[in-house]
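Here is the structure we will look at.
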Amino acid sequence: MDEILREFAAETIEHLTALDRDLVRLEQNPNDADLIHNSFRSIHNIKGTCSFLGLNRLGGLLHAAESVLGKIRDGALVVSPATIGVVLDACDRVRNLVGALDETTGLNTGGEDAELIARLEGFAKSTITPELARPLSETSTTDRRADPVSIRVNLATIENLMATVSELVLTRNQLMQMSRRDPDSEFALPLQHLSQLTTELQESVMKTRMQPIGHAWAKLPRVVRDLAGEHGKKIELKFEGAETELDRQVLELIRDPLTHMVRNAVDHGIETPEQRIRAGKPDTGTITLSAGQEGGAIIVTLSDDGNGVDLDNVRRAARAVGIVTEAALHAMNEQQLHALIFQPGFTTASEVSALSGRGVGLDVVRTNIEKIGGAVELSSFPGRGARFTIKIPLTLAIVPSLILNCAGQRFAMPQTAIAELVRARGEQRIEWLHDAPVMRLRGQLLPLMALQEVLGLGRRDRLAPETYVAVISVGTQRFGIMVDGIEDAEEIVVKRLSPLLRGLSMFAGSTILGDGRIIMILDPHGLAVAVGAAGEGRVSDHDSATYTQLVPRAGLLLFRAGEGALKAVPLESVTRIEEITADQVEWVGGNPVMQYRGAAIPLVTTNGAMSFDARRKRPVLVLQLPSRTVGLLADEVLDAVEDAPSIDADLARPGILGTSLIAGKLVEIVDDAYYASGHVLVSKRDGRSAA
Amino acid sequence: MTGRDYVSFMLGGQSFAIPVHQVRDVLRRQPITPVPLAPPAIVGLLNLRGRIVTAIDLRVRLGLPLRGDQAAVTNLVVELGGELYALIVDAAGDVLHFDDAALASLPVTLDPVWRDMVSGIFPLEQGFMVILDIGRAIDMTACPDAA
């Protein structure tokens with residue numbers, strides 16, 4: 001395509017986006033003279049360019065739209081959703097035509113504008129009586145600002161510049177390292193200067209890639225307007241910190257997730273005007289997007305003053321789509337329930353709307369945000385609204401990483417994926433459940449994996465003198481990788497792997513460190529899949545890989561307690577297995593307790609019998625639940641097994657969720673939450689439980 | 001006269017050559033960062049003036065017996081599709097000129113692995129000069145056992 005046409009297309013799309021925003025604002029502030037003038041001027045300018053280039057079809061459309069705005073400007077027509085709507089329709093048509101222009105060299109594609117032009121003219125011809133026409137206010141909500149002096153630069157040029165500067169930084173780092181060995185060298189001083197200039201150059205180039213986050217928001221007012229109209233809701237969209245700058249590449253990557261989340265807020269967050277009035281709130285809901293910088297990250301929050309997240313709804317939906325087991329659902333606290341919303345396939349919408357409720361949603365948002373090293377969190381205030389907090393890195397060009405030592409080699413791990421570092425010793429030692437290494441970390445059993453085994457560098461010695469565990473958090477999955485040592489943190493420039501190596505999912509790339517050595521960069525997502533697969537034994541297809549990656553791995557601990565069927569309890573709530581004898585049971589106010597980590601925890605049984613054979617030890621499962629910690633007295637701990645495929649609730653009773661067939665045996669699934677609720681007390685005399 | 005210049009090199013006692021215009025650099029043994037889980041012929045990555053180069057052991061590619069850890073090696077750095085690769089050989093030799101007319105066809109009895117990677121042979125007074133097809137030697141997707 002002609003260079004002039006290409007420029008025209010790019011510019012026109014930009015102007016149309018600005019026009020969209022102005023028109024939506026005008027609809028909300030119908031008397032803002034500045035907005036009217038701005039819109040009129042924009043459309044007039046686009047029309048002018050079209051005529052100049054001989055694009056008559058576009059010219060005709062824009063002329064008709066301009067007439068409508070002209071009438072508004074002259075006070076002969078009032079701003080209403082209908083008038084703004086028809087002008088927006090014209091903008092859309094122009095946008096589509098210009099878009100088509102972009103792909104083919106031909107000017108006008110098919111389609112007729114006569115009907116649209118007639119509608120526009122209808123508005124332009126209609127007049128209102130002068131007393132109805134309100135005078136335009138003098139106050140302005142538009143800030144008048146001269147455009148900064150700027151030029152258009154091809155994106156590839158900037159990308160190239162950025163790549164070259166990254167190389168320069170690496171070379172500088174190598175030189176600096178060499179010069180440190182010989183501080184008296186005559187090169188030392190000029191090198192210092194070179195180093196400083198390199199840093200300045202890098203910062204300047206980074207700045208050229210920075211764009212205000214407002215660019216990613218430009219289309220949202222229109223999205224909210226259209227969607228709210230469709231749902232019969234009244235919604236105001238507010239922006240704060242639109243000038244916050246971040247890397248172009250990051251901006252592109254968060255555009256779609258943000259749009260999706262705003263749609264979600266319109267769809268599920270804000271109630272209808274009637275519901276709002278009944279709840280004693282103003283009929284117009286507010287969605288606020290705000291952005292700001294915090295250290296090396298940008299925090300974007302999306303809050304609405306809707307109804308908040310209905311936890312019962314979440315539970316019902318989770319049950320309906322079957323993404324967690326009943327037992328796991330039971331034990332979940334509010335935060336864990338919120339996390340479910342980000343699971344693939346999750347939806348609370350009872351009916352599928354045009355834009356959300358298709359079960360393709362927040363999981364994709366979360367995945368996309370995590371792909372760029374970001375994180376998303378949800379907080380809800382029942383009846384008052386919900387807030388999503390998104391944390392994203394300023395730039396993707398440089399990744400702060402930690403250097404790990406493993407089997408004599410070094411690997412880099414992006415710091416965004418590392419939740420914490422633990423040295424394995426004392427309380428935090430590595431334990432083995434059959435052949436699976438685990439670590440107890442603040443009441444959670446953390447599955448572990450030796451990095452060298454994942455990478456095929458040989459088996460790790462169980463008695464290795466020193467083990468560090470990097471706790472990795474990917475989505476809802478949390479696991480630890482065992483390494484020999486942890487070195488410094490380094491800021492690294494990620495380089496893509498050669499095509500020969502791109503199939504290796506464990507690596508995100510490689511880089512050259514300050515000492516000139518190359519180091520492989522680990523991919524937390526690849527490791528997460530490997531950890532999940534290790535538990536599964538194999539990964540049969542893509543679906544199961546996704547499943548193991550995203551669904552918290554639940555397992556059951558099988559034990560014998562009293563007469564009757566074997567019992568099982570969710571493994572994730574068992575933090576420790578202790579053994580006690582009769583004389584270790586103490587009684588407080590008629591209730592049995594035991595000492596655990598310097599505190600007394602209540603002892604419970606599944607059948608109420610608190611009997612001990614003289615001197616024989618009995619195992620106690622220490623259950624750590626959100627509300628409190630209890631000790632569940634068992635006769636014998638048998639095995640850890642995969643989660644029950646299904647629970648039959650026919651034989652449910654207080655404390656027992658139901659039965660399940662595990663390894664050919666009927667097993668009763670213990671409702672751990674019941675025992676943590678404090679209802680179950682065992683009295684000393686009759687040894688029976690009293691609920 | 002139609003002919004081309006070739007860089008010759010040795011691998012397991014056999015003379016090989018690649019067109020000189022494809023060779024970007026000739027390096028001695030370099031520190032190499034191994035890449036876990038990579039196909040066996042990929043020895044690792046090395047740093048050539050700030051660029052990351054993927055090192056490939058041609059002995060592995062050609063199914064020749066492996067050399068000892070301390071054996072002297074030479075890296076022939078070539079560029080393919082915008083990426084740099086270092087072909088690890090036993091030793092680099094002279095630049096030689098061969099007339100295209102002297103190119104002999106490959107014997108049908110040649111090992112299929114070799115047939116795939118060899119673009120031609122020049123008979124010499126003693127033995128043969130084997131011309132390696134760099135694209136085939138690097139593109140491991142064509143090699144079933146490394147896929």
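Values quoted throughout were computed directly from the atomic coordinates according to the rules given, and no laboratory measurement underlies them. Because the structure is predicted, anything quoted here is derived from the model rather than measured. Glycine also receives a Cβ, built like all others from the backbone with ideal geometry; neighbour counts cover every protein chain displayed.
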Using the Karplus equation 6.51 cos²θ - 1.76 cosθ + 1.60 (θ = phi - 60°), what ³J(HN,Hα) coupling, rounded to whole Hz, does each residue of the range A:482-497 give in order, writing x for Gly and Pro?
8, 9, 7, x, 10, 9, 5, 8, 9, 8, 10, 9, 6, 10, 5, 7
Distance between the C-alpha centers of the range A:272-311 and the range A:373-406? Whole Å please.
19
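Let me know the shape class of chain B, please: from the alpha-carbon gyration tensor, a ≥ b ≥ c as square roots of the eigenvalues, rounded when a/c is under 1.5, otherwise prolate if a/b is greater than b/c, or oblate. Each step should come with its number before you reach the end.
Numbers: a/c = 1.69, a/b = 1.41, b/c = 1.20.
In terms of gyration-tensor shape, prolate.
Relative to the compact-globule scaling 2.2 N^0.38 Å, provide the ratio for the alpha-carbon radius of gyration of the protein assembly as shown. Write out the running numbers ahead of the final one.
Working: Rg = 34.6 Å, N = 838, 2.2 N^0.38 = 28.4 Å.
For the protein assembly as shown, the normalised Cα radius of gyration comes out at 1.22.
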Cα-Cα over 27 Å, subset of A:LYS238/A:LYS391; A:LYS71/A:LYS281; A:LYS371/A:LYS495; A:LYS47/A:LYS233; A:LYS125/A:LYS238
A:LYS71/A:LYS281; A:LYS47/A:LYS233; A:LYS125/A:LYS238
What distance in nm separates the simple spin-label points at A:VAL588 and A:ASP74, each placed 7 Å from Cα in the Cβ direction?
8.5
Going by amide H atoms built from the backbone, whose H comes under 5 Å of the H on A:THR286, apart from near neighbours?
A:GLU236, A:ASP305
Loop-only trypsin sites (Lys or Arg not before Pro) in the range A:446-510, please: DSSP not H, G, I, E or B, and at most 16 other Cβ atoms within 10 Å.
A:ARG459, A:ARG462, A:ARG496, A:ARG502
Report the residues of the range B:83-99 in range of a label on B:LEU48: point 7 Å along Cα→C-beta, backbone N strictly under 13 Å from it.
B:83-89
Whole-Hz Karplus ³J(HN,Hα) for the range A:263-268, in order, using 6.51 cos²θ - 1.76 cosθ + 1.60 and θ = phi - 60°, x for Gly and Pro?
4, 4, 5, 5, 5, 9
When we measure straight from the Cα of A:LYS617, which lysines land under 20 angstrom away, once same-chain ones fewer than 8 places off are left out?
A:LYS567, A:LYS684
Evaluate the relative contact order of chain B (contact order divided by residue number), counting alpha-carbon pairs under 8 angstrom at least 6 apart; express in whole percent.
28
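Quickly estimate the mean residue ellipticity at 222 nm for the protein assembly as shown, helices only: each DSSP H run with n ≥ 4 gives -39500 (n - 2.57), and the total goes over all residues, rounded to 500.
Values: 22 runs with 266 residues, N = 838.
Result for the protein assembly as shown, helices only: -10000 deg cm²/dmol.
Calculate, for A:ILE158 and A:ARG459, the FRET efficiency according to 1/(1 + (r/R0)^6) with r their C-beta to C-beta distance and R0 45 Å; round to the nearest 0.05.
On the way: r = 48 Å, r/R0 = 1.06.
Efficiency, from the Cβ-Cβ distance: 0.40.
Could you size up the charge dipole of the protein assembly as shown around its Cα centre, putting +1 on the beta carbon of Lys and Arg and -1 on that of Asp and Glu, and report it in debye to the nearest 20? Provide the component values of the computation, followed by the final result.
Working: 83 positive and 106 negative charges, 317 e Å.
Using only the charged Cβ atoms, the result is roughly 1520 debye.
Using the Cα gyration tensor of the range A:398-550, with a ≥ b ≥ c the square roots of its eigenvalues, what is the shape: rounded (a/c below 1.5), prolate (a/b larger than b/c) or oblate (neither)? Write down the numbers at each step before the final one.
Working: a/c = 1.68, a/b = 1.19, b/c = 1.40.
Verdict is oblate for the range A:398-550.
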What is the Cα radius of gyration of the range A:166-211 over 2.2 N^0.38 Å, N being its residue count?
1.32
What ³J(HN,Hα) values, in whole Hz, does the Karplus curve 6.51 cos²θ - 1.76 cosθ + 1.60 give for the range B:71-84 when θ = phi - 60°, with x put for Gly and Pro?
4, 5, 9, 10, 9, 9, 8, 10, 10, 9, x, x, 10, 9
Going by average Cβ density within 10 Å per residue, which order do the peptides A:59-65, B:128-134, A:597-603 take, highest to lowest?
A:59-65, B:128-134, A:597-603
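With a Förster radius of 22 Å, plug the Cβ-Cβ distance of A:GLN444 and A:GLU294 into 1/(1 + (r/R0)^6) and report the FRET value to the nearest 0.05.
Working: r = 27 Å, r/R0 = 1.24.
Between A:GLN444 and A:GLU294 the formula returns 0.20.
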Please work out the Cα center distance from the range A:1-41 to the range B:10-57, rounded to the nearest Å.
56
Just checking the output field for B:27-34: average partner chain Cβ neighbours within 10 Å of each residue's Cβ?
3
Hey, rough spin-label estimate for A:GLN28 and B:ARG136, points 7 angstrom out along Cα→Cβ, what's it come to in nanometres?
6.7
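Assign unit charges at the C-beta atoms only (+1 for Lys and Arg, -1 for Asp and Glu), then state the dipole size of the range A:213-393 relative to its Cα centre in Debye, rounded to the nearest 20.
Details: 21 positive and 24 negative charges, 47 e Å.
Dipole of the range A:213-393, to the nearest 20 debye: 220 debye.
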Given H placed on each backbone N at 1.01 Å, which residues far from B:ASP25 in sequence or on other chains put an amide H within less than 5 Å of it?
B:VAL77
In the calculated pair distance distribution of the range A:213-393, what percentage of Cα-Cα distances lie above 24 Å?
37
